[in-house]
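The values are calculated or read from the model by the stated rules, or taken from the named source; none is laboratory data. Because the structure is a prediction, the values reported are computed rather than measured. Here Cβ is always computed from backbone atoms with ideal geometry, including for glycine, and neighbour counts include all displayed protein chains.
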């Protein structure tokens, strides 16, 4: 499963305080059971001192194979621990408006 692969790769690559990987494919115009749209919330001290662009680039590097293949969309919400302790939640993903739905 793609979701399991994402969890495995991120867990192996970052010192994680919190990780949430949600398959949001059901919110899009894709066949039932698809694994193409994901939301990732990743909290790690590895992101301290890095801006969002650098944080996201680090995740893209780890998930390069999946992004080149089965993943069509990836909603990334990255935080270092201090940021996360202030909010403790990521924003909800918007409804899909494309694809003829």
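Residues of the range 52-81 that are touching a helix residue (DSSP H, G or I) at 6+ places or on another chain (Cβ under 9 Å) and more than 22 Å from residue 2 (Cβ to Cβ): 54, 79, 80, 81.
Which of the residues that make up the range 53-83 are in a loop (DSSP other than H, G, I, E, B) and within 15 Å of residue 17 (Cβ to Cβ)? Once the filter is applied, which keeps residues that are in a loop (DSSP other than H, G, I, E, B) and within 15 Å of residue 17 (Cβ to Cβ), the range 53-83 yields only 80.
Go through the range 12-37 and count every residue that is modelled with pLDDT under 95 and touching a helix residue (DSSP H, G or I) at 6+ places or on another chain (Cβ under 7 Å). Steps first, please.
Residues of the range 12-37 that are modelled with pLDDT under 95, as a first pass: 22-37.
Adding the requirement that they be touching a helix residue (DSSP H, G or I) at 6+ places or on another chain (Cβ under 7 Å) leaves 23, 34-37.
Result for the range 12-37: 5.
Which members of the range 39-52 meet the condition of being over 11 Å from residue 77 (Cα atoms) and either at pLDDT below 80 or not in a loop (DSSP other than H, G, I, E, B) (or both)? Result: 44, 45, 46, 47.
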